[in-house]
Amino acid sequence: MTYQSQKKAHQSQKKAPKPAPFNGRARTVLRFVLLAFLVTAVVALLVHEVRGRTTQTPGTPTTVSTPSTPSPSDSGVIPTTVDTGVPANGVVAYYFHTTARCTSCLTIEKWTAEAIQTAFATQITDGMLTWRVVDVEDAANTHFIEDYQLVSKSVVLVRYTNGKPGKWENLQKVWQLLGDQTAFQDYIKSSTSSFLEAQE
Amino acid sequence: MNGILAGAGAALWFGILTSISPCPLATNLTAISYMARTINHPRRVLLSGLLYTLGRVVAYTALAALLVASALSVPAISMGLQRYGNLILGPVLIVVGMFLLDILSLPTPSGGGVSTRLQHRADAAGIWGAALLGFVFALSFCPTSAALFFGSLLPLALKTQSRLLLPALFGIGTALPVIAASVVLMLGGRATSRFFDKMTSLEQWVRRATGAVFVLVGIYYCLKYIFGLAI
């Protein structure tokens, strides 16, 4: 658009009836309210961050963490971290989430819990399978992010032997199957079944 | 060859899956309202949609290239972007919305000539704001986009040795609802212009609505991610 045509457009804009502009008072009030909200949000953000860092330092974690080697794969490298809240021997089906929950995250948790609790009721009663929901943003649980290469909310199967974690598998396809509950739960059931049957 | 084609199809599909999940609904709505700002220039609306897509493509491609070329921890980057991207996005959207609503303004030198020219330049540069918006929104990962990008697309890109094409196709897939909306807006803008001569007035209202959407979505992000409300 040339400068002349822009000028013409600008002139025609003058002729067109304009919507009622904010009057001085409404504008000032809105500006004050939004700026006050903005400042409160930024202060809350900073306070939250500072508190988060402080609580991470001492902590009384229920788990013992040592560094593990990161891996780009969905399974394989055995973490050296011990989760003391699980049975010494058996498989743990973890659902890892963050503090902020979203619709899809809650759906994954609900469908996975349903699939595992209905299809593996016997194994759960026998202690061969345990269902655990973990917030990875809790200071004691952040190690799970590197242990199991978590990039988002995840369902991970872990085999424990003598209280130590061994083979694990991240069920990555849960995010691809979110549109189909039957396919999703079939995937959870078949993956868990194969994992339970597989030898260490 | 078949492997690359299958990979390309999967990458595009992962992008589409991301775009239709409830997760990026608020940012898609914000982007669409941004496109609608220039509704009386239908071509500009479409161009904004394409630039928004370009912004997303650049963000995903650059991030994939960075992660492949460096020894950065993928989980740490993914979790960090999800956490801090969403924390920062709320206040940023509120500030941008306040500018669009003319509640905040940058001090400009007085004098009509300079001021008018500045305004024209700002309008001309405004269309590139769509690309910036696409770039920023792509990097503020939500759980779905993070899972599909870091967990599904990246391993696929490494496996097929297609480290640029696949992230780019993923970016196009994630922008599809906004591209579709910009086409609808373009056609709608043309149709509406037959009935409304005074489109400038309409544009001013749309611009104001855009500002309101930015502010409301910003407040939503602040309440959800900073104040931790379950909404």
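Listed values, structure above:
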| item | result |
| --- | --- |
| Breaking point among (1) more than 10 Å from chain A (Cβ to nearest Cβ); (2) assigned to a helix (DSSP H, G or I); (3) touching a residue at least 60 places away in the same chain (Cβ under 8 Å), for B:I39 | (2) |
| Enumeration of residues in region A:146-170 that are closer than 30 Å to B:F170 by Cα, in contact (Cβ under 8 Å) with a residue 40 or more places away in the chain and among the hydrophobic types (A, V, I, L, M, F, W, C) | A:L150, A:V155, A:V156, A:L157, A:W168 |
| Wholly within region A:112-200, helices (runs of 4 or more DSSP H) carrying at least 3 residues that are touching a Ser or Thr at 6+ places or on another chain (Cβ under 7 Å) | A:143-147 |
| The listed residue being touching an Asp or Glu at 6+ places or on another chain (Cβ under 6 Å) and either at pLDDT below 95 or aromatic (F, W, Y) (or both), out of A:T142, A:T103, A:T98 | A:T98 |
| Residue in region A:150-165 that is within 12 Å of chain B (Cβ to nearest Cβ), over 25 Å from B:L139 (Cβ atoms) and of a type outside the set (D, E) present | yes |
| Given (1) within 14 Å of another protein chain (Cβ to nearest Cβ); (2) surrounded by 16 or more Cβ atoms within 10 Å (Cβ to Cβ), index of the condition A:S191 fails | (1) |
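The values are calculated or read from the model by the stated rules, or taken from the named source; none is laboratory data. Remember, predicted model here, so these are calculated numbers, not experimental data. So basically every Cβ, Gly included, is an ideal-geometry build from the backbone, and we count neighbours across all protein chains shown.
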